[in-house]
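Below is one structure; the comments refer to it alone.
The values are calculated or read from the model by the stated rules, or taken from the named source; none is laboratory data. Owing to the predicted nature of the structure, the values given are computational and were not obtained by experimental measurement. Here Cβ is always computed from backbone atoms with ideal geometry, including for glycine, and neighbour counts include all displayed protein chains. Surface areas here come from the heavy atoms of the whole protein model, side chains and all, with no ligands, DNA or RNA. Shrake-Rupley method; radii C 1.70, N 1.55, O 1.52, S 1.80 Å.
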Amino acid sequence: MPDTVISGVGATPVGKLAGATAWSLQAQACRAAVADAGLELAAVDGLLAEPGYTQPVIDGITPHYLRLGEMLGMSPNLCGTEVLGGASSVSMVQRAANAIAAGLCTHCLCVYGDAPVSAPGTFEYGRGDDATHGLFGAVGLHAMAARLHMERYRTTEAQLGAVAVTARAHATLTPHAQFREPLNLEAYLDSAYVVEPLRKYDCCPVSDCGAAVVVSAARQLPADGPAPVRIAGMGQAHCLAPMLDARHLRQLPAARSGATAFAMASVGPADIDLCELYDCFTIVVLMQLEDYGFCRPGAAGAFVAAGETGPGGSLPVNTAGGLLAEGYGGGMLHIVEAVRQLRGEAGDRQVDEARLGLVSGHGLGLNTHATLILASTAA
Amino acid sequence: MSHKPVPRPDPISHVYWQRLREGRFSYQSCRACGQCWLPPAPICPRCWATDTEFIDSAGYARLLTWATYHRAYDPAFADSLPYVVGLVELSEGPRLMAGIRCDDPTLLRVGVTLNLELEPRENGFLVPVFVPVLANKREGHAD
Ligand SMILES: [Zn+2]
């Protein structure tokens with residue numbers, strides 16, 4: 001994708017935002033991203049949205065982009081709603097880049113926003129007959145994946161804890177993060193299980209947050225805008241029939257998604273300077289480090305415990321704290337953070353020599369996965 | 001005291017749950033290619049043939065992985081805490097998520113042998129659960 005870039009990013013605060021609704025947060029994030037890109041409103045001709053969990057319940061079957069587009073006064077050349085769970089944000093950027101490369105539009109907004117803290121909808125934990133068996137929520141499936149990793153590789157609870165501790169270490173350097181207080185391993189191990197082997201600190205919080213990026217044709221940027229970040233590679237892979245797939249809960253579709261993205265970008269794991277990995281639960285950080293090829297199978301626990309993914313480590317991961325500590329931004333905050341790092345605008349948490357970043361999205365019951373490889377164009 | 005959720009049969013899973021009501025735990029099989037699977041589907045997920053049938057399972061399985069709930073997301077499970085849900089592989093091949101009835105989850109291991117039991121729910125439903133055959137409790141759980 002040599003001709004497509006992320007030209008602007010924007011986000012609201014993260015956490016409990018009194019009076020917020022999903023719509024208001026999405027609108028705010030769109031406004032911020034377009035302003036950041038330095039674009040005229042009329043130049044934005046694409047709108048892709050991820051509805052979050054609260055608004056679609058409230059508003060029934062009305063297509064999400066229709067309501068949002070009306071609020072934003074848009075008549076775009078491309079629109080759509082992405083429903084890949086935590087892979088939606090990365091997937092929206094891919095759809096936008098593909099559409100732009102095909103000439104369907106020029107500047108496409110991709111937005112996530114939800115207000116589950118301040119405007120909770122009726123979120124149902126169990127899905128279908130899973131609830132009959134007592135299987136509720138993504139946490140149960142991720143606990144099974146964690147248990148399997150521990151059984152196969154002797155991964156320890158302390159190594160899962162190291163992921164949570166590292167996320168907080170990054171967040172202490174991130175002014176807007178939801179959880180900036182440091183976490184130590186003792187406090188982690190003293191906390192109660194939610195779904196064993198996962199504890200409270202293994203699970204990302206719910207947050208009110210809106211975040212958006214503008215994907216643009218590289219040749220159509222305003223002269224005085226920020227340094228664009230090039231979309232160097234992308235991939236997707238999904239597991240839609242988990243009961244038939246022996247890899248389910250053992251290996252993420254990240255392995256396939258990553259291979260596609262690395263090949264497109266003509267780079268490998270050793271070339272990546274930083275990662276923003278979707279981290280709804282600590283275990284998926286370990287699995288992704290292995291499935292993307294940053295660590296050999298079973299080695300990610302020791303890698304994280306040794307500090308390699310922390311501030312100043314050999315491969316900083318989730319440099320603003322990720323879902324676990326920056327707060328839940330639907331995966332779009334991961335893209336926003338990668339762009340800030342690759343522009344050299346990440347302040348105290350700036351990674352030295354940040355040239356190439358990998359961003360992932362992982363969704364539903366370990367079903368969906370999407371990968372972006374982003375490249376700095378800053379001098 | 002609330003009751004645990006009952007299955008919600010739809011036209012695709014109706015036969016599966018109806019056979020369970022009769023005490024028969026079954027999986028679906030393709031007459032064209034022999035593939036066996038759960039959950040029920042309108043088409044063979046391997047060859048897309050529509051000529052499928054339900055076959056009674058012998059009720060033997062092994063545990064692939066599990067999760068131990070310490071929180072009740074539905075109050076009906078509060079009295080059962082901590083309780084275990086596992087990914088189970090039947091001896092005939094199909095995999096499914098199911099409750100694992102187990103007094104001491106710390107004894108569970110990947111590969112543990114499981115035996116089927118049927119747990120009664122409201123409205124005459126029977127739900128498959130699995131009981132591990134654990135080394136130091138072998139006699140207690142033998143059929
Ligand atoms: Zn078949």
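By a 1.4 Å probe calculation restricted to protein chains, A:MET74 has an accessible surface near 40 Å², given to the nearest 10.
Among the chymotrypsin sites (Phe, Trp or Tyr not before Pro) in the stretch A:101-197, those located in a DSSP loop and surrounded by at most 14 other Cβ atoms within 10 Å of their own Cβ are A:PHE123, A:TYR125. Interface burial in the stretch B:66-107, defined as at least 30 Å² less accessible area with all protein chains than with the chain alone at a 1.4 Å probe, covers B:TRP66, B:ALA67, B:THR68, B:TYR69, B:HIS70, B:ARG71, B:TYR73, B:PHE77, B:VAL85, B:LEU87, B:ARG95, B:MET97. List, by residue number, every residue in the stretch B:5-39 with a reduction of 30 Å² or greater in accessible area between the chain on its own and the complete protein assembly, 1.4 Å probe. Hits at the 30 Å² cut-off: B:PRO5, B:ARG8, B:TRP17. Against the main long axis of the alpha-carbon atoms of chain A, helix A:254-265 sits at an angle near 40°. DSSP beta bridges confined to the protein assembly as shown are antiparallel in about 85 percent of cases.
Within chain B, B:CYS36, B:CYS102 have no other Cys Cβ under 4.7 Å of their Cβ and so lack a disulfide-compatible partner by this rule. Residues of the stretch A:146-160 that lose at least 30 Å² of accessible area (1.4 Å probe, protein heavy atoms only) when the other protein chains are present, relative to their chain alone, are A:ARG147, A:LEU148, A:GLU151.
Which shape class, rounded, prolate or oblate, goes with the stretch B:9-107 when its Cα gyration tensor gives a ≥ b ≥ c as root eigenvalues, a/c under 1.5 marks rounded, and past that a/b bigger than b/c marks prolate? Judged from the Cα gyration tensor, the stretch B:9-107 comes out prolate (a/c at least 1.5, a/b above b/c). A simple spin-label model places pseudo-atoms 7 Å from Cα toward Cβ; at B:ARG121 and A:ARG152 they are separated by 3.0 nm. Antiparallel beta bridges, as assigned by DSSP with both residues in the stretch B:58-135, represent about 90 percent of the total such bridges.
In this structure, the amide hydrogen of A:GLY52, modeled 1.01 Å from its nitrogen in the peptide plane, lies closer than 5 angstrom to those of A:GLY113, counting only residues at least 5 positions away or on a different chain. Measuring nothing but protein heavy atoms, the accessible surface of the protein assembly as shown at 1.4 Å probe radius is 52 percent carbon and sulfur. Whose amide H sits under 5 Å from the amide H of A:ALA232, counting only residues 5 or more places off or on another chain, with H placed in the peptide plane? When sequence neighbours closer than 5 places are left aside, the close amide H contacts are A:ILE373, A:LEU374, A:ALA375. The value of relative contact order for chain A, using C-alpha pairs under 8 Å at least six residues apart, is 26 percent. Solvent exposure of the stretch A:132-266 amounts to 38 Å² per residue of accessible area, where only protein heavy atoms count and the probe is 1.4 Å. Annotation: per residue accessible area for the stretch B:38-127 equals 46 Å², rounded to a whole number [probe 1.4 Å, protein chains only].
The modelled label-to-label distance between B:HIS3 and B:ILE55, using points 7 Å beyond Cα along the C-beta direction, is 3.4 nm. A simple rule links phi to the HN-Hα coupling: the Karplus curve 6.51 cos²θ - 1.76 cosθ + 1.60 with θ = phi - 60°, which for the stretch A:365-375 gives x, 6, 9, 10, 8, 8, 10, 10, 10, 10, 10 Hz, with x for Gly and Pro. Taking the charge dipole of the protein assembly as shown about its Cα centre, with +1 at Lys and Arg Cβ atoms and -1 at Asp and Glu Cβ atoms, the residue from B:GLY23, A:PHE179, A:THR368 reaching farthest to the positive side is B:GLY23. Shape descriptor for the stretch A:74-123: Rg over Rh equals 1.07 (Cα atoms; Rh from the Kirkwood inverse mean 1/r).
For the stretch A:217-226, the Karplus equation 6.51 cos²θ - 1.76 cosθ + 1.60, evaluated at θ = phi - 60°, returns couplings of 5, 4, 8, 10, 8, x, 5, 9, x, x Hz by residue, with Gly and Pro reported as x. Take the accessible area of A alone and of B alone, subtract that of the pair with a 1.4 Å probe, and the total buried over both chains is about 2700 Å². So for chain A, Kirkwood radius off the Cα pairs, Stokes-Einstein at 37 °C and 0.692 mPa s: how many µm² s⁻¹? Calculated translational D: 161 µm²/s. For the stretch B:10-56, the calculated P(r) over all alpha carbon pairs, in 5 Å bins from 0 to the bin holding the longest distance, is 5, 26, 33, 22, 12, 3 percent. Computed with every protein chain present, the accessible area of B:ARG46 is close to 150 Å² [probe 1.4 Å].
The Cα center of the stretch A:311-370 and the Cα center of the stretch B:1-59 differ in position by 42 Å.
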